[in-house]
Amino acid sequence: MSTLSFLRNKYWILRHGKSIPNESGLIVSSVEKGILEEYGLAPEGVSQAQLAGELLHKELELTNTPLDTIRICYSPFSRTTQTAKTVANVLNLPFESPQCKVIENLRERYFGPSFELLSHDKYADIWALDEKDPFLPPDGGESVANVVSRLADALESLEAEFEGCTILIVSHGDPLQILQTILHAASQLENINSEDLETRVREVTKHSILSQHRKFALLTGELRPIK
């Protein structure tokens with residue numbers, strides 16, 4: 001579980017299960033396309049989400065975590081919504097309740113019109129660009145720094161709304177890599193005493209840190225605690 005002293009809640013992250021775009025080898029990163037059912041989970045992805053829910057349930061039982069302290073926060077894309085709903089069902093949490101919340105800022109990183117619906121082999125080009133300059137976006141898309149900004153907003157909102165909860169964030173590969181990158185770096189700061197999340201994120205939003213986000217890659221359906 002989270003040992004980040006500057007956070008009021010404990011966090012787990014879950015990359016959505018294998019999606020139809022994953023199986024087809026396509027990049028689907030725009031909200032307009034991402035919310036369509038045709039780009040939801042593949043059958044294998046449903047199984048991965050089910051397994052992730054079971055793993056989380058075991059962890060919660062081991063730590064005697066009450067179910068009423070669980071929150072599931074998820075991206076509005078169909079593949080993440082379906083993943084979150086599957087996990088909620090495993091945990092016996094009502095999906096249409098305050099315990100489950102869609103958060104727009106957890107959406108997929110938009111890679112821009114030049115990459116949309118192209119082969120996922122193109123991710124290598126994007127990540128090469130990220131290494132050179134994480135503040136430079138793909139044409140018409142979002143840079144790593146752009147994603148940091150909205151993820152920080154999402155996290156600050158959750159920290160303001162909840163305290164003492166265990167929060168599962170269901171999102172996508174790049175946003176979750178980037179989230180782990182900034183939180184890991186923020187936890188390593190030795191020259192700052194502030195418990196203020198915004199201050200810590202600002203301190204670590206730099207080239208040398210953001211360019212390395214691929215180190216925190218997740219597989220589809222992978223569940224991971226934020227430590």
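By the rule of a C-alpha distance below 17 Å, with chain neighbours fewer than 8 residues away ignored, the lysines paired with Lys215 are Lys132, Lys206, Lys227.
Short to long, the 10 Å bins of the Cα pair-distance histogram for the range 96-138 hold 22, 41, 20, 16, 1 percent of all pairs.
Rolling a 1.4 Å probe over the protein heavy atoms of the range 68-178, with every protein chain left in place, gives an accessible area that is 50 percent carbon and sulfur.
Can you give the direction-averaged projected area of the convex hull of the alpha-carbon atoms in the range 168-221, in nm²? Don't skip to the end; give the middle numbers.
Values: hull surface 16.7 nm².
Hull-based average projected area comes out at 4.2 nm².
Positive contributions from Lys and Arg (+1) and negative ones from Asp and Glu (-1), summed over other residues with Cβ under 15 Å from the Cβ of Leu189, come out at -2. Here the dipole of the range 76-215 is about 400 debye; that uses its Cα centre as origin and unit charges on the Cβ of Lys and Arg (positive) and Asp and Glu (negative).
Hey, got the dipole for the range 1-121? About the Cα centre, +1 on K and R Cβ, -1 on D and E Cβ, debye to the nearest 20?
Working: 12 positive and 14 negative charges, 87 e Å.
For this selection, approximately 420 debye.
For the range 104-172, the alpha-carbon radius of gyration amounts to 1.31 times the rule-of-thumb value 2.2 N^0.38 Å expected for a compact globular protein.
Secondary-structure-derived ellipticity at 222 nm for the chain, considering helices only, amounts to -13000 deg cm²/dmol, per-run term -39500 (n - 2.57) for DSSP H runs with n ≥ 4.
GluC sites (Glu not before Pro) within the range 114-214: which are DSSP loop residues with at most 15 other Cβ atoms inside 10 Å? Display every interim value, and only then the final one.
Working: sites: Glu116, Glu131, Glu142, Glu156, Glu159, Glu161, Glu163, Glu190, Glu195, Glu198, Glu203; in loops: Glu116, Glu142, Glu163, Glu190, Glu195.
Hits after loop and neighbour filter: Glu163, Glu190, Glu195.
Using the alpha carbon gyration tensor of the range 75-210, what are the three equivalent-ellipsoid semi-axes (square root of 5 times each eigenvalue), largest first, in whole Å?
Working: eigenvalues 134, 107, 23 Å².
Value: 26, 23, 11 Å, ordered largest first.
Each label was represented as a point 7 Å from its Cα along the Cα-to-Cβ direction; for Asp121 and Ala160 these points are 4.6 nm apart. Projected onto their three principal axes, the Cα atoms of the range 1-114 cover extents of 46, 32, 24 Å, largest first. Of all lysines in the structure, the ones whose alpha carbon falls short of 17 Å from that of Lys33, not counting any fewer than 8 places away in one chain, are Lys18.
Reported to the nearest whole Å, the Cα centre-to-centre distance from the range 92-126 to the range 22-90 is 11.
Annotation note: GluC sites (Glu not before Pro) in the range 6-112 located in DSSP loop regions with a Cβ neighbour count of at most 14 within 10 Å are Glu96.
The values are calculated or read from the model by the stated rules, or taken from the named source; none is laboratory data. From a predicted model like this one, the values you see are computed outputs, not experimental measurements. Here Cβ is always computed from backbone atoms with ideal geometry, including for glycine, and neighbour counts include all displayed protein chains. Just the protein is used for accessible areas: all its heavy atoms, side chains included, with ligands, DNA and RNA removed. Shrake-Rupley method; radii C 1.70, N 1.55, O 1.52, S 1.80 Å.
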